[in-house]
1. Kindly compute the accessible surface that chains B and A hide from a 1.4 Å probe when together, both sides summed, and give it to the nearest 100 Å².
2. Over the range A:40-184, what relative contact order in percent results from Cα pairs under 8 Å that are six or more residues apart?
3. Which value, in debye to the nearest 20, gives the size of the charge dipole of the protein assembly as shown about its Cα centre, when Lys and Arg are +1 and Asp and Glu are -1 at the Cβ?
4. How about the range A:106-170: which trypsin sites (Lys or Arg not before Pro) there are in a DSSP loop, with at most 16 other Cβ atoms within 10 Å of their Cβ?
5. For chain A, what is the mean residue ellipticity at 222 nm derived from helices alone (per DSSP H run of n ≥ 4: -39500 (n - 2.57); sum divided by total residues; nearest 500 deg cm²/dmol)?
6. Just counting partner chain Cβ atoms within 10 Å, what average do the residues of peptide B:86-94 show around their Cβ?
7. Running a GNM on chain B with Cα contacts under 10 Å, which residue among B:Val291, B:Val178, B:Val224 ends up with the highest mean-square fluctuation?
8. Where nothing but the Cβ of Lys and Arg (+1) and of Asp and Glu (-1) is charged, how large is the charge dipole of the range B:1-89 around its Cα centre, in debye to the nearest 20?
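The values are calculated or read from the model by the stated rules, or taken from the named source; none is laboratory data. All values derive from a computational prediction rather than experimental measurement. Methodologically, a virtual Cβ is constructed for each residue, glycine included, from the backbone with ideal geometry; neighbour enumeration extends over all protein chains shown. To get the accessible areas, we keep the full protein, side chains included, count just its heavy atoms, and leave off ligands, DNA and RNA. Shrake-Rupley method; radii C 1.70, N 1.55, O 1.52, S 1.80 Å.
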2 protein chains.
Amino acid sequence: MALIVQKFGGSSVANAERVMRVAGIITETYKKGNDVAVVVSAQGDTTDDLIEKANEINPNASRREMDMLLTAGEQMSVALLAMAIEKLGCPVVSLLGWQAGFITDTTYGAARIKRIEPDRMRAELDKKKIVIVAGFQGINRLDDMTTLGRGGSDTSAVAIAAALHADRCQIFTDVTGVFTADPRKVDGTVKLNEITYDEMLEFATLGAQVLNNRSVEMAKKYNVELEVLSSMVKEPGTIVREVAKMEKMLIRGVTKDTQVARISVVGMKDVPGNAFKMFSRLSGKGINIDVILQSVGRDGTKDITFTCSKANAEKAVEVLEDLYAAEGAVVSSDTSIAKVSIVGAGMQSHSGTASKMFGALYEAGINIKMISTSEITISVLIDAADADRAVSAVHKAFFPEN
Amino acid sequence: MALIVQKFGGSSVANAERVMRVAGIITETYKKGNDVAVVVSAQGDTTDDLIEKANEINPNASRREMDMLLTAGEQMSVALLAMAIEKLGCPVVSLLGWQAGFITDTTYGAARIKRIEPDRMRAELDKKKIVIVAGFQGINRLDDMTTLGRGGSDTSAVAIAAALHADRCQIFTDVTGVFTADPRKVDGTVKLNEITYDEMLEFATLGAQVLNNRSVEMAKKYNVELEVLSSMVKEPGTIVREVAKMEKMLIRGVTKDTQVARISVVGMKDVPGNAFKMFSRLSGKGINIDVILQSVGRDGTKDITFTCSKANAEKAVEVLEDLYAAEGAVVSSDTSIAKVSIVGAGMQSHSGTASKMFGALYEAGINIKMISTSEITISVLIDAADADRAVSAVHKAFFPEN
């Protein structure tokens, strides 16, 4: 007997049939003797439809009224899911974000959870009820509806698991777990049984969007054990926890990110504070920087190359031209690149991981444009056109037996 | 400068264009210097669509979850209406039932308002904001969503007008006011400028469904001045208040009710307590009785005839056969009848009103099956087939100049 938090996304409850399927998963968990709290998103396209309705009336509507509108989406889905569970004969109660005690700040549209007051949830669980909570929403000190920012319902689920000291937080998705590479693109991938928070964070950052980073960060902070699993296929998923068994693996997997751009500034004056000025200006414009590489250029100048998201490339170039055009530096961007990475805490204790990766790329005839490493990742920038081949080649080098 | 409460039904806000029109009416009132609180229902068919969605999943869902689902409907409409008002450049805030302070009992699906805590509404009005309140909903002592029973959003509007001591409560409908008869069916009808609460109640009861009775009763109790007017046609409506000018009219109008059935029990034993037993049993089954007529039958038996709603006719016959079949009484029902009534406080001080009505029916060759009177109404039961002709004939007798 345990306390399990389960989270289902919008596509898992898109229609009556899927709502009934999800209700089946929940009641099965409940009937094994577990306490169950569930977080659910708005059904299918509900949120998009509501945004369209709002835009038809006023494309510049206040975020406060937008949140009032959007939070109705999860309200409908919790009620419908509760009705489905009633049909299966289990005691259940649906709760809105505020009823579940989600107190947020007043940043409408991207609110942060300040605290959770779990009394009501606890009381309903004590009555042996399944508790269904509206994801992605809370209430602020003005008693107004808010929606959470990035991470949305995943974050709601982890927050509840933390507040209730749940034994596990199961995130149901359309994949059966976390794989050593994207199974739709690469042959011979393996589903991981376990993975650490840090590895999961790298996976998400590096473009394998299974779990939202904010929710993984929160799970790490409160030591909430996550499980990523499928709502369609009944099999154990991937557990995310602080210490995970490596099972003779050197790395956890290979990922790629094609939403990346490389920006170069060539011929800057070599004076102190230049890098500080550049990156604080970029950060002020909301541009997040990933890999940075600085080298000495000709004639006492220096060159800086960095990567950012493709969406920010144009803005970054503008900012930099503003800064450096006067001193004759040349700013250029390259958006036809991809980042391919290997992730795994295991590589720390093994030499030769990097050379194995580079060797595989060399054999495949793929040119490396830039390299960066962290404690648990090695990333290379390559031509976007080579990305899928690169992932396959590297994956084969590290997981040859599959 | 006044405090005006305005109420708009679901069809008035069914699409973006109509929402903008309603926003125009509201901001026009506001720009004249008035404080404005607005009650709005769910858009168009939203409520029906949600009920259908629920039925697809669980036709026997609990009322608690049904209310959780349905209250999302008004939540969406208040947000969209607020966005429309923002677009027109006026300060506005949308409030859910509980945010507006609607405290109800725990009867899900048919909750009664226990009290209104108007602090939030008052504070927003003091900030010169237009306040948009979700109709038809409140919150109970368990902090759960409830929907109000009969009357719905009309009742919400009157309750707010009472709580805020509003100068007037305007109920916007698809007609321009209350008429002496149904203008779609009868020639020469006149729109009433004023009408009393009691007359309005009789109008509603007698089948002219402009305002819900519960809201009129509440308006009477708290002396809230109502105005029934159109959201499509810009002209003064009908004022409903305690004392209304009669303007040389003998009666206010003629109404018909075709949702009525006549039930007869012929040949009951003439013993004391029989009528009590009959009507307490019917009442226990939730069957409301309207007109009652008792007469002496043959051989020391007695006959009782009464009317109830058509929907209850079958159940009433069952109950009565259970009671009286053993003693040989015969139960019969007639559902092809209609009730035609005249309403008006003026008739109390005039003799000859009844004979004028009966004379008009006689001249039209319409047979009267039953008669009943109250202080401000005279009703006759006739064949359903004669109903429209009867209303026209009676209307012409009392309003000959039109």
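1. 3400 Å²
2. Relative contact order of the range A:40-184: 24 percent.
3. So the magnitude is around 920 debye.
4. Loop-located and lightly packed - A:Arg112, A:Lys127, A:Lys128, A:Arg141, A:Arg150.
5. -10500 deg cm²/dmol
6. 3
7. B:Val291
8. So the magnitude is around 400 debye.
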